[in-house]
Each structure stands twice: as C-alpha cells, then as structure tokens.
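The block underneath contains the structure these notes are about, expressed in structure tokens.
The values are calculated or read from the model by the stated rules, or taken from the named source; none is laboratory data. Predicted model only: the values in this text are computed from it and were never measured. Every residue, glycine as well, gets a Cβ built from its backbone with ideal geometry; the counts of neighbours run over all protein chains shown. Please note that ligands, DNA and RNA were not included when accessible areas were found on the heavy atoms of the full protein model with its side chains. Shrake-Rupley method; radii C 1.70, N 1.55, O 1.52, S 1.80 Å.
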Amino acid sequence: MNIDWAALGTVFGVSLVATVALVGLFTLGIVGLSRQPEPAARGRQAGGSLMLARAGAYVCFGLCAAAVAYGIYMIVA
C-alpha cells in the first residue's frame, strides 16, 4: 500500500479552510440575527442598521446552505 502524502495534505488543507469558512459564515449569521435595537431607539423606528444586519444574516445562512448542498451534490455525483 502506497500513500500519496501530497494528496492527503491537500485534502486536509481544503477541508480545514472550508470548515473554518462555514463556521465563520454561520457565526456571522447568528451575530446578525442577535442584534437588538439600541435602548434609545426602542421607542421609535429601529432604522436601517437592524434591517441590514438581518439581511446580512440571511445571506450568510443562504451561503452556508448552498455550500452544504454543493458538498452533498459532490458526494452523490
């Protein structure tokens, strides 16, 4: 049995980068959804900052779902 160490290292590196990227995107999504309006702004309209954070969170979750779907597609194909 002969092990191709270069290929194994490449797979390890790509897996590590993909994992860190997905966890980072998911974390950004959680942070975006957990934003609350400022205490001074609770009586009035929260503004665009809260809506922008929520939209960014949905984009992050969408990218995570797309990456997982692509991974499943690569395994099945």
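Hey, could you check the stretch 23-35 for residues that are open to solvent by 60 Å² or more (accessible area, probe 1.4 Å) and in contact with a helix residue (DSSP H, G or I) (Cβ under 8 Å, 6 or more places away or on another chain) and say which is farthest from Arg54 (Cα to Cα)?
Taking the stretch 23-35 first, the residues open to solvent by 60 Å² or more (accessible area, probe 1.4 Å) are 23, 26-28, 30-31, 33-35.
Applying the additional criterion that residues be in contact with a helix residue (DSSP H, G or I) (Cβ under 8 Å, 6 or more places away or on another chain) yields 26, 28, 30-31, 33, 35.
On the way: Phe26: 13, Leu28: 10, Ile30: 9, Val31: 9, Leu33: 5, Arg35: 8 Å.
Result: Phe26.
Just give me the residues in the stretch 1-21 being under 22 Å from Ala66 (Cβ atoms) and aliphatic (A, V, I, L, M), in sequence order.
Step one: list which residues in the stretch 1-21 are under 22 Å from Ala66 (Cβ atoms), which gives 11, 13-21.
The answer is Val11, Val14, Leu16, Val17, Ala18, Val20, Ala21.
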Within the stretch 36-54, can one find any residue that is in a loop (DSSP other than H, G, I, E, B), under 21 Å from the mean Cα position of the chain (by Cα) and modelled with pLDDT under 95? yes
State yes or no: is Thr19 closer than 13 Å to Phe61 by Cβ, open to solvent by 60 Å² or more (accessible area, probe 1.4 Å) and polar (S, T, N, Q)? no
